[in-house]
Amino acid sequence: MMQIAIIGCGWLGQPLALALQQKGHSLLVTCRSSARQQALQALGLDCHQLTLGNEIEQDLQDKLAAADAIIVCIPPGRKNFDAKRYVAAHQQLYDKLLVRPSTHLLFISTTAVYGDSYGKVTEHTELSPNTASGFAHQTIEQYLHSHFPKQTSVLRLAGLVGPDRHPAKHLAGRIDIPEGEQAVNLVHQADVISAIDAIIAGAHWGQLFHLSAFEHPSRHDYYSWACQKLGLNPPSFLIEDNKQCASGKIVDATWTIKQLGLSLRYASPYHMV
């Protein structure tokens with residue numbers, strides 16, 4: 001069994017921590033608030049407060065650096081996102097924690113690094129981010145690859161779905177939404193946890209992965225159906241003029257799923273509602 005640290009024990013980090021703890025691993029997790037810390041400690045997790053970009057207490061830094069594997073799942077946030085500060089904070093954190101060659105780190109990234117690519121994208125498709133978050137994640141990935149190539153791996157995730165979280169809720173009732181013919185790229189929380197577990201258990205370090213369900217219906221078809229299933233007002237989409245690029249990008253995770261020996265529980269977005 002291993003000593004595993006999870007930096008960012010939130011919507012994904014908490015169920016991941018509990019799943020790994022159930023397998024017998026020793027867990028150390030971090031969160032930002034004292035209230036959140038108390039809630040996680042009540043679940044039996046060794047939780048410490050840490051805010052990305054703030055100074056880390058030496059005792060906590062030593063404990064994190066002593067872990068066999070560190071998982072970083074800190075989303076950038078949607079309000080007042082400072083990409084430059086976000087990137088710098090990640091780089092400073094990794095310089096402090098990856099001081100031992102035996103310490104490994106998994107960075108949870110996003111398929112937003114592919115930007116508006118069209119057609120099938122694989123793990124090694126050229127990156128072309130077009131958002132502040134996409135550019136920030138690309139920069140962090142490149143930093144890890146250039147400074148800690150053998151100690152780290154990256155897992156890029158498609159749109160996340162799981163308990164109390166489904167993108168249909170944000171689209172319900174909206175009108176004239178563009179890009180209705182573009183493909184949906186979604187992945188379920190349970191499959192992400194399985195992938196992370198497989199990366200750690202199989203010591204898949206120095207590698208790049210991404211994860212999405214196999215099926216990719218159009219946004220129009222899927223979100224109209226999902227809203228109906230969820231009892232929400234359906235959205236309406238604009239008719240696409242540029243049919244050549246209408247399908248958008250399709251995240252093909254075939255290689256990752258085979259490499260990690262995964263069997264997706266939610267192979268289709270239609271299984272996620």
Cβ pairs under 8 Å, 6+ apart, first in the range 6-33 and free of Cβ contacts under 8 Å to residues at least 60 places away in the same chain and more than 21 Å from Thr103 (Cβ to Cβ), second surrounded by fewer than 24 Cβ atoms within 10 Å (Cβ to Cβ) and of a type in the set (Val, Ile, Thr):
Arg32/Thr51
Among the residues of the range 79-116, the number that are among the hydroxyl-bearing types (Ser, Thr, Tyr) and not in a helix (DSSP H, G or I) is 4
Kindly indicate whether Gln38 is among the polar types (S, T, N, Q) and free of Cβ contacts under 8 Å to residues at least 24 places away in the same chain.
yes
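Against the condition among the small types (Gly, Ala, Ser), closer than 22 Å to Ile71 by Cα and more than 15 Å from the chain's Cα centre (by Cα), how does Ala203 come out, does it pass?
So Ala203 fits the description; yes.
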For the subset of the range 127-156 comprising residues that are among the hydrophobic types (A, V, I, L, M, F, W, C) and part of a loop (DSSP other than H, G, I, E, B), which member is surrounded by the most Cβ atoms within 10 Å (Cβ to Cβ)?
Phe148
Tabulated pairs, the range 220-231, first at negative phi, second of a type in the set (Ser, Thr, Tyr) and in a helix (DSSP H, G or I), C-beta under 8 angstrom, 6+ apart or interchain
Tyr222/Tyr270; Trp225/Tyr270
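Here, each number is a calculation from the coordinates, and none is a lab measurement. Values in this document were obtained by computation on a predicted structure and should not be read as measured data. Positions of Cβ are generated from backbone atoms using ideal geometry, with glycine treated the same way; all protein chains shown enter the neighbour counts.
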